[in-house]
1. Past 27 Å, Cα to Cα: identify those pairs from LYS42/LYS68; LYS42/LYS102; LYS58/LYS138; LYS46/LYS138, in the order given.
2. If you place +1 on the Cβ of every Lys and Arg and -1 on the Cβ of every Asp and Glu, how big does the dipole about the Cα centre of the range 78-138 come out, in debye to the nearest 20?
3. For an R0 of 25 angstrom, estimate the FRET efficiency from the Cβ-Cβ distance between ASP70 and ASN94 and round to the nearest 0.05.
4. Which cross-chain or sequence-distant (5 or more) residues have an amide H under 5 Å from the amide H of ILE79, H modelled 1.01 Å from N in plane?
5. Can you list residues whose amide H is under 5 Å from LEU126's amide H, if they're 5+ apart or on another chain and H is modeled 1.01 Å from N?
6. Among GLY49, ILE141, ALA123, whose Cα lies farthest out toward the positive end of the dipole of the range 20-141, if unit charges sit on the beta carbon of Lys, Arg (+1) and Asp, Glu (-1)?
7. Once you compute Rg and the Kirkwood Rh from C-alpha atoms, what is the Rg to Rh ratio for the range 43-99?
8. How much length would be gained if the chain were fully extended between THR117 and ASP82, taking 0.36 nm per residue of separation minus their Cα-Cα distance, in nm to one decimal?
Amino acid sequence: MKTSFLPRLALGAAFLLAMSGAALAERTPSPAGAEVYIVSPKDGAKIKGPVTVVFGLKGMGIAPAGIKFDNTGHHHLLIDADVPADLSLPLAANEHSVHFGKGQTETTLTLPPGKHTLQLVLADSLHTPHDPAVISKKITITVSK
Ligand SMILES: [Cu+2]
């Protein structure tokens, strides 16, 4: 029987590809060029009173939490928090990581006076960031009474 090295190599590569595909299947893919951003306030803004945050999204759509639809997600606002190290897990739900599962595209926050950071993360129907993750720039604002 004639043995050839090449088919074996191809088989091995196909196996590896299938394995990595299985590992990635847990996260929802995001399309190339997808972008989430904070429309307002602007980075460095000084704000008196409540802060209205307007969410922007390019290249994807909004769907409420629990609704699985290609190239969609819902907004999450990180307030005075960093993006979690492990993006394969659903985002936390607390005062520093707020979900907008009804598909909201803005919110108004009452923050204590001082500096605060804001950052948006889009996540899928199960609150897990897409792959690659769609995350805004982190902005810093200063709130006064
Ligand atoms: Cu969520």
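All of the numbers you see were taken from the coordinates with simple rules; none came from a lab. None of the values given here were measured: they were computed from a predicted structure. Quick reminder, even Gly has a Cβ in these numbers, built from the backbone with ideal geometry, and neighbours come from all protein chains shown.
1. Values: LYS42/LYS68 32 Å; LYS42/LYS102 25 Å; LYS58/LYS138 17 Å; LYS46/LYS138 16 Å.
The answer is LYS42/LYS68.
2. Details: 4 positive and 7 negative charges, 43 e Å.
Here the range 78-138 has a charge dipole of around 200 debye.
3. Numbers: r = 29 Å, r/R0 = 1.16.
Efficiency, rounded to the nearest 0.05: 0.30.
4. Distant-sequence amide H within range of ILE79: SER97, VAL98.
5. GLY66
6. Farthest towards the positive pole: GLY49.
7. Values: Rg = 13.6 Å, Rh = 13.7 Å.
Checking Rg against Rh, the ratio lands at 1.00.
8. Details: separation 35, 0.36 × 35 = 12.60 nm, distance 0.90 nm.
Contour length minus Cα-Cα distance gives 11.7 nm.
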